[in-house]
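Down below is the structure, laid out as structure tokens.
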Amino acid sequence: AVHAAVVDAIIRRVLQLNTDPVLSEVRQSWVVLGSLARREPLPLSDVDTALVWTDIQPPASPDPGPRIQAAARRVLDDLRHCGLMPCPNGTSADNPTFSRSQSAWIAAIRAWQHDPAQDRALLMSAMVADSRPLTDAALGRCLTDPIRTHNRNTRFLRALLDEALRFRPPTGLLRDFVIEHSGEHRGQLDLKKGGLAPVVALARWIAIVTGDAGGNTPQRLLRGADMHLLTTNEAQTLAGAFQDVYRLVLGHEADALRSGSTP
């Protein structure tokens, strides 16, 4: 949580110092995603960002999106100079997928909820569920406001649950222990993929079902128990497991940073 607060402060300060005329012309909200949004990043976590801007009336021609996204790219370059690492896979405010007008975001989110079978609908729904605005919170909440509505259909919620349960944590002591069987990580266990991801996914589903996207993973799990989606014992067991595995990964990444090695 302290790490997340420091990253939040750096991003806000960079935006305060930014004098790009393109961004000054339009009201916008910078939003963080993923583990940073949940306030549980790891030392080597990427900084995932999104951008929402108000619709320009009357509609501008040409589309202002490319100009705004280019300006956002310059902000991300400033973050790199501050030692932060924007997502190398494109989950960033300069990518049109994550940089849209308010109306475009709302339309896209409604479409994902209406038809969860469409390409990347579940992935994108999960990503916006883990979002937290750093600037202009009223505008940035358009990503999570649809979660609070009662228009979500059962098929959408069931598809999200099936996706969450698709993660299979490693079980057993030896023969059933899930390790990498080939490649550079042969014989090793991915604690993020096998330990953290399954619990995060289930807690995220609880956040969507309960209509409350706030909180970190343990808080979401305990909320699930309050809403009778989990038993108290299940919620406490999962929260404890998450914290134990998180502590292992945190220590491992910190040791790697001290020694200059790759975790």
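The values are calculated or read from the model by the stated rules, or taken from the named source; none is laboratory data. Keep in mind that this is a model prediction, so the values were computed, not measured. Quick reminder, even Gly has a Cβ in these numbers, built from the backbone with ideal geometry, and neighbours come from all protein chains shown. Accessible surface is based on the protein model in full, side chains and every heavy atom, while ligands, DNA and RNA are left aside. Shrake-Rupley method; radii C 1.70, N 1.55, O 1.52, S 1.80 Å.
At a glance:
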item	result
Solvent exposure, largest accessible area first (probe 1.4 Å, DNA, RNA and ligands not counted), of Met85, Met124	Met85, Met124
Carbon/sulfur fraction of accessible area - the range 86-166, other protein chains in place, 1.4 Å, %	52 percent
Difference of contour (0.36 nm per residue) and Cα-Cα distance, Gln118 to His228	36.6 nm
Segments 209-219, 223-233 sorted - mean Cβ within 10 Å per residue, highest first	209-219, 223-233
C-alpha long axis of helix 154-165 to longest principal axis of the chain, angle in °	50 degrees
Neighbour net charge for Glu253 - beta-carbon separation under 12 angstrom, K R +1, D E -1	+2
The chain - share of DSSP beta bridges that are antiparallel (%, nearest 5)	65 percent
Average accessible surface area per residue within the chain, 1.4 Å rolling probe, Å²	54 Å²
Neighbourhood charge, 13 Å Cβ-Cβ cut-off, centred on Ala164 and excluding it, Lys, Arg +1 and Asp, Glu -1	+2
Accessible area of the range 183-263 belonging to carbon and sulfur atoms, whole % at 1.4 Å probe	53 percent
Carbon plus sulfur fraction of accessible area for the range 18-74, probe 1.4 Å, in percent	52 percent
For the chain, calculated [θ]222 nm from helices alone, where every DSSP H run of n ≥ 4 adds -39500 (n - 2.57)	-15500 deg cm²/dmol
Total charge dipole magnitude, the chain, about the Cα centre, Cβ charges on Lys, Arg, Asp, Glu only, Debye to nearest 20	300 debye
Order of exposure, largest accessible area first, which applies to Thr149, Thr154, Thr237, Thr144 with probe 1.4 Å	Thr154, Thr237, Thr149, Thr144
Under Karplus coefficients 6.51, -1.76 and 1.60, residue-wise ³J(HN,Hα) of the range 234-246 in Hz, glycine/proline x	4, 4, 5, 5, 5, 5, x, 4, 4, 5, 5, 5, 4
Peptides ranked, highest mean first, by Cβ atoms within 10 Å: ranges 64-73, 187-196	64-73, 187-196
Label assignment, log10 I(q)/I(0) by the Debye sum over Cα atoms at q = 0.09, 0.13, 0.16 Å⁻¹ derived from the structure, set [x] -0.51, -0.98, -1.25; [y] -0.45, -0.92, -1.30; [z] -0.40, -0.89, -1.39	[y]
Between helix 102-114 and the chain: long-axis angle, C-alpha atoms, 0 to 90°, nearest 10	40 degrees
Rounded tilt (10° steps) of 65-81 against the dominant C-alpha axis of the chain	50 degrees
